[in-house]
Every structure is written in structure tokens, then in C-alpha cells.
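Undergrad: Below you will find the structure I want to go over with you.
The values are calculated or read from the model by the stated rules, or taken from the named source; none is laboratory data. All values derive from a computational prediction rather than experimental measurement. Cβ placement follows ideal geometry from the backbone for every residue including glycine, while neighbour counts extend to all protein chains displayed. The protein model used for the area step is the full one, side chains on, heavy atoms only, and it has no ligands, DNA or RNA in it. Shrake-Rupley method; radii C 1.70, N 1.55, O 1.52, S 1.80 Å.
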Amino acid sequence: GAGVSQSPSNKVTEKGKDVELRCDPISGHTALYWYRQSLGQGLEFLIYFQGNSAPDKSGLPSDRFSAERTGGSVSTLTIQRTQQEDSAVYLCASSLQGGFNQPQHFGDGTRLSIL
Amino acid sequence: TQLLEQSPQFLSIQEGENLTVYCNSSSVFSSLQWYRQEPGEGPVLLVTVVTGGEVKKLKRLTFQFGDARKDSSLHITAAQTGDTGLYLCAGGSLGGIQGAQKLVFGQGTRLTINP
């Protein structure tokens, strides 16, 4: 498709389980971002990829969170030993290049619910 | 830590009225973007402003970047029910080891336009 694709769209899991969220950016976009959004709130930055490297991972909340990007394309965000406070919508965005003025194109997010 | 505060957090008005949403910070931002988000979807970019004092118009929407690049406003004239949504401002911020650029988001203004 032409836009950013995220899967799954919804994920319900039990506390303590690991989850993996996937983001397929727009073809040719070198920059990729992960954000977390709590119900009706703003976006919390998690990590930024330029190509396959992550120049800024300052937003990852704890060492239970990790992300990787391979082939300069698909990215996965992994949360280990999930906690109830991890429940949120996880949004991925891509842009043609990194930088302030580049428009970020968002996927529709993965809604994660931890029971 | 750079923060963006949006006001009001919630706004409900009648169709045809005018409104202004504010985005304020004590920090200087290199640029500022405004996004609109509808339920179940990712944010969609409306505009980017980069120069202090800059004014951009998008049909009935007028965006202004403060002279000192610390604040911005969004004014909607003759609001329509289709304007309903979550409006987010985001400022360009330097971060990370290589000075990678990321967006800092405000908490959003939830706008409801009643028929």
C-alpha cells in the first residue's frame, strides 16, 4: 500500500508476556519513528531510526523495550515481560528524510491492552 | 526537557463559531508542526511553520508561529462538524548522541463541533 502499515491493529495479552509490534514504512522513506499514545493524550517519543541505525533511543521507557530495523525498511518494537502500564496505542511514522521540517506520515497504530 | 503545553485541552462549540487553540513552551523550537488526529487513526500533518512570526493559511485554518519561536496558535473560522478531532502541535527538537532531530508533541486539544 501507499501508506505506513502497522500490525497487528489490536493486541490483547496477559501481563508478563512478550509482544512484538511491526511497522512497514512508506517505500523509500529513510527515517522511521515510534511513539506511544495513552488514551486521548499526546504522543510520547520512543525511538528514531535513520536507515538501520538508531541515533536517538532516548524515549524507550525501560530495558524491557527494544526496537530494530532491518534492510532500511520494516521495523519491529518488542516489549518484554509486559506490564499493565504498557497499555497504549503504539504509533509508527516515517519520513523521506530525518529532520524537523520533514512531514511525518503515521500509521493507524497498534492498540495494546495488557490484562 | 522541552515541553509543549496546549490549551484548552477540551473545546466544544457550535458550528459556525470561531476558535483559537494555543501551543506554548518556554523553549525555542526550530520549527513547529500541527497535526489532526481522528479516532482510530494516526495523526495527519496540517502545516509546518519554520520562521518566527510566520502565518500560514489552509482554507478556514490560520496558523501562526510566535516571533520568538516559543509558541504557536491555530485559529479556525466558521467551524464545521468536519473539523472535529484531536489537534496536536509538535516542535522540532535536537536529541540523541548524534544530535538526531525528533518531534516533541503537546498533549493535544480535543475539539468537538456540534451541529
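Undergrad: Of the conditions (1) loosely packed, with under 13 Cβ neighbours inside 10 Å; (2) without any contact (Cβ under 8 Å) to a residue 60 or more places away in the chain; (3) of a type in the set (S, T, N, Q); (4) assigned to a strand (DSSP E or B), B:SER12 satisfies every one except a single condition; which number is it?
TA: (2)
Undergrad: Looking only at residues that are of a type in the set (A, V, I, L, M) and open to solvent by 10 Å² or more (accessible area, probe 1.4 Å) in the stretch B:56-99, which one is modelled with the lowest pLDDT?
TA: Pass one, the stretch B:56-99, residues of a type in the set (A, V, I, L, M): B:58, B:61, B:68, B:74, B:76, B:78-79, B:86, B:88, B:90, B:94, B:97.
Of the ones still in play, those that are also open to solvent by 10 Å² or more (accessible area, probe 1.4 Å) are B:58, B:61, B:68, B:78, B:94, B:97.
Values: B:LEU58: 95, B:LEU61: 97, B:ALA68: 92, B:ALA78: 97, B:LEU94: 61, B:ILE97: 49.
Looking at residues that are of a type in the set (A, V, I, L, M) and open to solvent by 10 Å² or more (accessible area, probe 1.4 Å), I get B:ILE97.
Undergrad: Let me ask another. When you scan the stretch B:28-115 for strands (runs of 3 or more DSSP E) that lie fully inside it, which ones turn up with 1 or more residues that are within 16 Å of B:GLN6 (Cα to Cα) and touching a residue at least 60 places away in the same chain (Cβ under 8 Å)?
TA: Values: elements: B:32-37, B:44-49, B:55-58, B:61-65, B:71-76, B:85-95, B:100-105, B:109-114.
Here the list reads B:32-37, B:85-95, B:100-105, B:109-114.
Undergrad: Which of the residues spanning the stretch A:70-79 are surrounded by fewer than 22 Cβ atoms within 10 Å (Cβ to Cβ) and either on the phi > 0 side of the Ramachandran plot or among the β-branched types (Val, Ile, Thr) (or both)?
TA: Of the stretch A:70-79, the ones surrounded by fewer than 22 Cβ atoms within 10 Å (Cβ to Cβ) are A:70-74, A:76, A:78.
Once the filter is applied, which keeps residues that are surrounded by fewer than 22 Cβ atoms within 10 Å (Cβ to Cβ) and either on the phi > 0 side of the Ramachandran plot or among the β-branched types (Val, Ile, Thr) (or both), the stretch A:70-79 yields A:THR70, A:GLY71, A:GLY72, A:VAL74, A:THR76, A:THR78.
Undergrad: As an exercise: evaluate A:THR82 against (1) open to solvent by less than 30 Å² (accessible area, probe 1.4 Å); (2) assigned to a strand (DSSP E or B); (3) more than 22 Å from B:THR109 (Cα to Cα); (4) in contact (Cβ under 8 Å) with a residue 60 or more places away in the chain and give the number of the one condition it does not meet.
TA: (2)
Undergrad: How many of the residues making up the stretch A:40-59 are more than 17 Å from A:ILE79 (Cα to Cα) and outside any strand (DSSP E or B)?
TA: 5
Table: residues versus (1) among the aromatic types (Phe, Trp, Tyr); (2) within 24 Å of A:THR110 (Cβ to Cβ); (3) more than 8 Å from chain A (Cβ to nearest Cβ); (4) in contact with a Cys (Cβ under 6 Å, 6 or more places away or on another chain).
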{"site": "B:ARG36", "(1), (2), (3), (4)": "no, yes, yes, no"}
{"site": "B:VAL44", "(1), (2), (3), (4)": "no, yes, no, no"}
{"site": "B:PHE65", "(1), (2), (3), (4)": "yes, no, yes, no"}
{"site": "B:ARG69", "(1), (2), (3), (4)": "no, no, yes, no"}
{"site": "B:GLY85", "(1), (2), (3), (4)": "no, yes, yes, no"}
{"site": "B:ILE113", "(1), (2), (3), (4)": "no, no, yes, no"}
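Undergrad: Scanning the stretch A:103-115 for residues that are out of contact with any His (no Cβ under 9 Å at 6 or more places or on another chain) and open to solvent by 20 Å² or more (accessible area, probe 1.4 Å), which turns out modelled with the lowest pLDDT?
TA: Here is the first cut: in the stretch A:103-115, the residues out of contact with any His (no Cβ under 9 Å at 6 or more places or on another chain) are A:103-104, A:106-115.
Adding the requirement that they be open to solvent by 20 Å² or more (accessible area, probe 1.4 Å) leaves A:103, A:106, A:108, A:111, A:113, A:115.
Working: A:PRO103: 87, A:PHE106: 96, A:ASP108: 96, A:ARG111: 97, A:SER113: 97, A:LEU115: 94.
Within the stretch A:103-115, the match that is modelled with the lowest pLDDT is A:PRO103.
Undergrad: If you check B:GLY52 against the conditions, is it open to solvent by less than 20 Å² (accessible area, probe 1.4 Å), more than 13 Å from the chain's Cα centre (by Cα) and of a type in the set (Gly, Ala, Ser)? Lay out the reasoning, then the answer.
TA: On the way: open to solvent by less than 20 Å² (accessible area, probe 1.4 Å): no; more than 13 Å from the chain's Cα centre (by Cα): yes; of a type in the set (Gly, Ala, Ser): yes.
Criteria not met by B:GLY52.
Undergrad: Looking only at the stretch B:15-27, count how many residues are out of contact with any Lys or Arg (no Cβ under 6 Å at 6 or more places or on another chain) and either among the polar types (S, T, N, Q) or not in a loop (DSSP other than H, G, I, E, B) (or both).
TA: 9
Undergrad: What single numbered condition from (1) within 10 Å of the chain's Cα centre (by Cα); (2) open to solvent by less than 20 Å² (accessible area, probe 1.4 Å) fails to hold for A:GLY42?
TA: (1)
Undergrad: If you take the residues in the stretch A:85-95 that are within 24 Å of B:LEU45 (Cα to Cα) and either open to solvent by 30 Å² or more (accessible area, probe 1.4 Å) or hydrophobic (A, V, I, L, M, F, W, C) (or both), which one is nearest to the other protein chains (Cβ to nearest Cβ)?
TA: So in the stretch A:85-95, the residues within 24 Å of B:LEU45 (Cα to Cα) come out as A:88-95.
Now narrow it down to the ones that are either open to solvent by 30 Å² or more (accessible area, probe 1.4 Å) or hydrophobic (A, V, I, L, M, F, W, C) (or both): A:88-89, A:91-93.
Values: A:ALA88: 14, A:VAL89: 9, A:LEU91: 6, A:CYS92: 8, A:ALA93: 7 Å.
Among those residues, the one meeting the criterion is A:LEU91.
Undergrad: Yes or no: A:GLY99 surrounded by 21 or more Cβ atoms within 10 Å (Cβ to Cβ), at positive phi and either touching a strand residue (DSSP E or B) at 6+ places or on another chain (Cβ under 9 Å) or within 14 Å of chain B (Cβ to nearest Cβ) (or both)? Give the steps one after another, and end with the answer.
TA: Values: surrounded by 21 or more Cβ atoms within 10 Å (Cβ to Cβ): no; at positive phi: yes; either touching a strand residue (DSSP E or B) at 6+ places or on another chain (Cβ under 9 Å) or within 14 Å of chain B (Cβ to nearest Cβ) (or both): yes.
No, not satisfied.
Undergrad: How many residues are part of a strand (DSSP E or B), at the interface with chain B (Cβ under 9 Å from one of its Cβ atoms) and closer than 30 Å to A:LYS15 by Cα when one looks only at the stretch A:102-115?
TA: Final tally of qualifying residues: 2.
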